[in-house]
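Let me begin by presenting the structure, written as C-alpha cells, before commenting on it.
The values are calculated or read from the model by the stated rules, or taken from the named source; none is laboratory data. Because the structure is predicted, anything quoted here is derived from the model rather than measured. In this analysis, Cβ positions are derived from the backbone assuming ideal geometry, glycine residues included, and neighbour counts consider all displayed protein chains. Surface areas here come from the heavy atoms of the whole protein model, side chains and all, with no ligands, DNA or RNA. Shrake-Rupley method; radii C 1.70, N 1.55, O 1.52, S 1.80 Å.
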Amino acid sequence: MRLSFVQARPELQPYIESFWVFESPVGMPLTDISMAAPNGCPKLIIPCENSLISIANGRSSVSREGGLYFVGNRDTQTIIHSSPRETAFIAIEFSPYGAFAFFGIPMEETANGLFASEMVFGKWGRETREILCNLEEIDQKVNFIEDRFVRLLRKTPRHNALIKFCVEALRLSRGRIAIRELERRTGYSRRYLDLLFNRHVGLSPKVLAGIFRFQTFYRKWARGLPYDTLKEELYDYYYDQAHFTKEFKKMTGYSPRKFILQVSNEFGRSLSLK
C-alpha cells in the first residue's frame, strides 16, 4: 500500500485540505480494517483501477472503476474494501467549506452520502468523469482535475469570510470553543450560524466541533501514543470519560480502548500522519 500526497496549486490550497493517490498491487489490505474516520472534509473520489466498496451507517456502496464520486461531510466512520487486485484511486479532500466554494450546492443535501458526480454536478460531473476515464496516467488525471477546479474557482468565486472565520476558530481551539462564543465574536445568532454551516459545510458548528475534538485524539493514536497517555488530556476536551467514549465510538464504531488495542487501520493512520 502506498499513499502519495499531491501539493495543490496555490490558488486551490485555501479550499483543499488534502490531495492524495492510493496505490496497491493487492487492493485494500485484507488483514486490516481500512477506515476513513470523520475529519470534517467532503471528498471527491476517482477510482482509477479496481472498484471500491464502502460501508457507512450500515449501508454498502460501490464506487466503480472509471467513475467520479462525491462524498458529503460525514460524522461517522466509513470502512473501505476492494477485491484483491491492482488498485489505484485519487482522493481530493476539501476544507470543510471548500466543496461549496467550487460547486455552490447546499452541502446539507450531501451530508453522510456518496453520489455519482452526475447526480450532484450535472453536466460538469458527466463531462469531467468522461475525460478522466480516457486519460491513462494518474499524473494526467491529477493535472486535469486541478485545471477543472481552477476554472470553477475563477468562474464563480464563492468566498465567505464569516464561515472561514468560524471554521478556523473551531479548528484552532480543537473544537473546544463554545458556540455561544462564536455568537459573541461574530455578532450572529446560533440559528443563523447553523444555517450558514449547513449550507457551506453540511454539518452544524456543534457537530464540526465534535469532529475536531475527536481528531485531536485520533491523530495522537496515529502517532502510536498509548491509551493511558491519551487519557491524560481527556478532561480538557470532554465532560468526562463517558462523554469521550460515546463520541469516539460514534466516529469509529469502537470504544477508545478497543480501538487502540485491536484496530491497526494502517490506511487511516497514514492519512492522519500527512
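Simple spin-label model, 7 Å along Cα-to-Cβ: Ala242 to Tyr227 in nm?
It works out to 1.9 nm between the two label points.
At what distance in nm do the modelled label points of Thr156 and Val26 sit from each other, each positioned 7 Å from its Cα along Cα→Cβ?
Output for this residue pair reads 4.6 nm.
Classify the range 202-274: rounded, prolate or oblate, from the alpha-carbon gyration tensor (a ≥ b ≥ c, eigenvalue square roots; a/c under 1.5 rounded; otherwise prolate if a/b is larger than b/c)? Walk me through the intermediate numbers first.
Numbers: a/c = 1.59, a/b = 1.18, b/c = 1.35.
It comes out oblate by the Cα gyration axes.
For a quick check, take a GNM of the chain with Cα springs below 10 Å and name the residue from Ala209, Ala178, Ala91 with the largest mean-square fluctuation.
Ala178
Which log10 I(q)/I(0) values does the range 14-128 give at q = 0.13, 0.23 Å⁻¹ under the Debye formula, counting every alpha carbon as one identical point scatterer?
At q = 0.13, 0.23 Å⁻¹ the computed log10 ratios are -0.47, -1.47.
Go ahead and run the numbers for FRET between Glu109 and Arg257, Cβ-Cβ distance against an R0 of 41 Å, rounding to 0.05.
FRET efficiency, Glu109 to Arg257: 0.65.
Which whole-number percent gives the relative contact order of the range 74-189, counting Cα pairs below 8 Å spaced six or more residues apart?
RCO, the range 74-189: 27 percent.
How high is the FRET efficiency from Glu130 to Glu11, r the C-beta distance, R0 25 Å, rounded to 0.05?
Efficiency, rounded to the nearest 0.05: 0.50.
If you average the sequence gap of Cα pairs under 8 Å that are 6 or more apart and divide by the length of the chain, what percent do you get for the contact order?
21 percent
Points 7 angstrom from Cα along the Cβ direction at Lys249 and Phe144: gap in nanometres?
Spacing of the two 7 Å Cα→Cβ label points: 4.6 nm.
Tell me whether the range 58-111 comes out rounded, prolate or oblate; compute the Cα gyration tensor, take square roots of the eigenvalues as a ≥ b ≥ c, and use a/c under 1.5 as the rounded threshold. The partial results should precede the final answer.
Working: a/c = 2.36, a/b = 1.65, b/c = 1.43.
Cα axes put the range 58-111 in the prolate bin.
Using just the C-alpha positions of the range 138-274 as equal point scatterers, what log10 of I(q)/I(0) does the Debye formula give at each q in 0.20 1/Å?
So the normalised log intensities work out to -1.14.
Helix-only mean residue ellipticity at 222 nm, the chain, DSSP H runs n ≥ 4 weighted -39,500 (n - 2.57), per residue, nearest 500. What is it?
Counting only the DSSP helices, I get -13000 deg cm²/dmol.
Select from Thr87, Thr186, Thr76 the residue whose mean-square fluctuation is largest in a Gaussian network model of the chain (Cα-Cα springs shorter than 10 Å).
Residue with maximal mean-square fluctuation among Thr87, Thr186, Thr76: Thr186.
Which whole-number percent is the relative contact order of the range 1-149 (Cα, under 8 Å, 6+ apart)? It would help to have the intermediate numbers written out before the result.
On the way: 312 pairs, mean separation 40.0, N = 149.
Contact order relative to length: 27 percent.
Just the Kirkwood number for the range 100-214, please: inverse of mean 1/r across all distinct Cα pairs, in Å, one decimal.
16.0 Å
Inverting the mean 1/r over all pairs of different Cα atoms, compute the Kirkwood radius of the chain and quote it in Å. Please list the in-between numbers first.
On the way: mean 1/r = 0.0518 Å⁻¹.
Here the Kirkwood hydrodynamic radius works out to 19.3 Å.
On the protein heavy atoms, probe 1.4 angstrom, tell me the percent of accessible surface of the chain carried by carbon and sulfur.
Of the solvent-accessible surface of the chain, carbon and sulfur hold 48 percent.
Below 15 angstrom from the Cβ of Phe149, what's the summed charge of the other residues (Lys, Arg +1; Asp, Glu -1)? Show your work: numbers first, answer last.
Working: positive: Arg9, Lys43, Arg129, Lys141, Arg148, Arg151, Arg154, Lys155, Arg158; negative: Glu11, Glu17, Glu93, Glu127, Glu146, Asp147.
Result for the local shell: +3.
Please compute the net charge surrounding Pro96, taking Lys and Arg as +1 and Asp and Glu as -1 over other residues with Cβ under 15 Å from its Cβ.
+3
Taking 0.36 nm per intervening residue step and subtracting the Cα-Cα distance, what contour gain separates Glu137 from Ala116 on full extension?
Full extension from Glu137 to Ala116 adds 5.4 nm.
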